[in-house]
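Here's the structure we're looking at; comments come further down.
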Ligand code: GAR
């Protein structure tokens, strides 16, 4: 079997996506190893999750750097020191610069809780509810210099239910995030992912031409 892909996970908060990756590696659903978890926030719970699983952690506090480029240069040093091959943003609440992207070309991925290009930025679930969207979801994409913008690897659609609030919608979206991120990274680990302009081509992609998620569902009857 090929050597596992070496991941560097960058996060700022709770790290449920990190946990899902840890679990997918343990369950042998993901041919990768998490070489290091880096946080810009010393109190991020994701650091605790990493330490509990014996994964190296580093804190790179953005406040002490005079520019975003200088902050990214330090991230690159840390990631290289741990032999990272793929940089995985998992709730990392900083915009990355060409310094990081140039050091890992087409090797930085992000997850976002909406079907991009809808609802980029902060509070994507709140934005979707405020807009009255009936379907939102999850996007895993390669990172470019714009927030929540680069070529899309995996998307999962999630219906918005009549009694949803932000917290309930967030929980259902996160359940799909936790499946989607491991799936996307496994496709990369298998060498099946190629970028052509804005499109990502996936070897052996077997999309179901008849599949659709409707909201409300087509089968639902409104009168007896
Ligand atoms: C996730 O929902 C992720 O999609 C979002 O931050 C959350 C982190 O959760 N990222 C963005 O909104 C990026 N624009 P986690 O710390 O529990 O993994």
Taking region 118-137 and keeping only residues that are more than 10 Å from the ligand (Cβ to nearest atom) and touching a helix residue (DSSP H, G or I) at 6+ places or on another chain (Cβ under 8 Å), one is left with 118, 126, 128, 129, 136, 137
Is it fair to say residue 161 is free of Cβ contacts under 8 Å to residues at least 24 places away in the same chain, outside any helix (DSSP H, G or I), surrounded by 10 or more Cβ atoms within 10 Å (Cβ to Cβ) and within 20 Å of the chain's Cα centre (by Cα)?
no
Out of (1) in contact with a strand residue (DSSP E or B) (Cβ under 7 Å, 6 or more places away or on another chain); (2) in a loop (DSSP other than H, G, I, E, B), the one residue 95 does not meet is (1)
query = Quick one: would you say residue 77 is surrounded by 18 or more Cβ atoms within 10 Å (Cβ to Cβ) and more than 16 Å from the ligand (Cβ to nearest atom)?
reply = no
Filtering region 138-162 down to residues that are within 12 Å of the ligand (Cβ to nearest atom), out of contact with any helix residue (DSSP H, G or I) (no Cβ under 7 Å at 6 or more places or on another chain) and closer than 17 Å to residue 213 by Cα yields 139
Filtering region 1-38 down to residues that are touching a strand residue (DSSP E or B) at 6+ places or on another chain (Cβ under 9 Å), assigned to a loop (DSSP other than H, G, I, E, B) and within 16 Å of the ligand (Cβ to nearest atom) yields 12, 13, 15, 30
The condition from (1) within 16 Å of the ligand (Cβ to nearest atom); (2) exposed (fewer than 14 other Cβ atoms within 10 Å of the Cβ); (3) not in a helix (DSSP H, G or I) that residue 51 misses is numbered (3)
#### Entry: Hey, residue 61 surrounded by fewer than 13 Cβ atoms within 10 Å (Cβ to Cβ) and out of contact with any helix residue (DSSP H, G or I) (no Cβ under 8 Å at 6 or more places or on another chain) or not
yes
Picking from 127, 155, 174, the residue that is under 23 Å from residue 23 (Cα atoms) and assigned to a helix (DSSP H, G or I) would be 174
Just one listed residue, out of 171, 115, is at pLDDT 95 or above, within 16 Å of the ligand (Cβ to nearest atom) and over 30 Å from residue 85 (Cβ atoms), and it is 171
Filtering region 201-211 down to residues that are out of contact with any helix residue (DSSP H, G or I) (no Cβ under 9 Å at 6 or more places or on another chain) and at pLDDT 95 or above yields 201
Considering region 80-109, residues that are under 17 Å from the mean Cα position of the chain (by Cα) and on the phi > 0 side of the Ramachandran plot, and then whichever is farthest from the ligand (Cβ to nearest atom), we arrive at 106
Reported set for region 54-63 where residues are over 15 Å from residue 92 (Cβ atoms) and within 16 Å of the ligand (Cβ to nearest atom) is 55
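The values are calculated or read from the model by the stated rules, or taken from the named source; none is laboratory data. As the structure is a computational prediction, the values presented were derived from the model and not from experiment. Neighbour counts run over all protein chains shown; Cβ positions are idealised from the backbone, glycine included.
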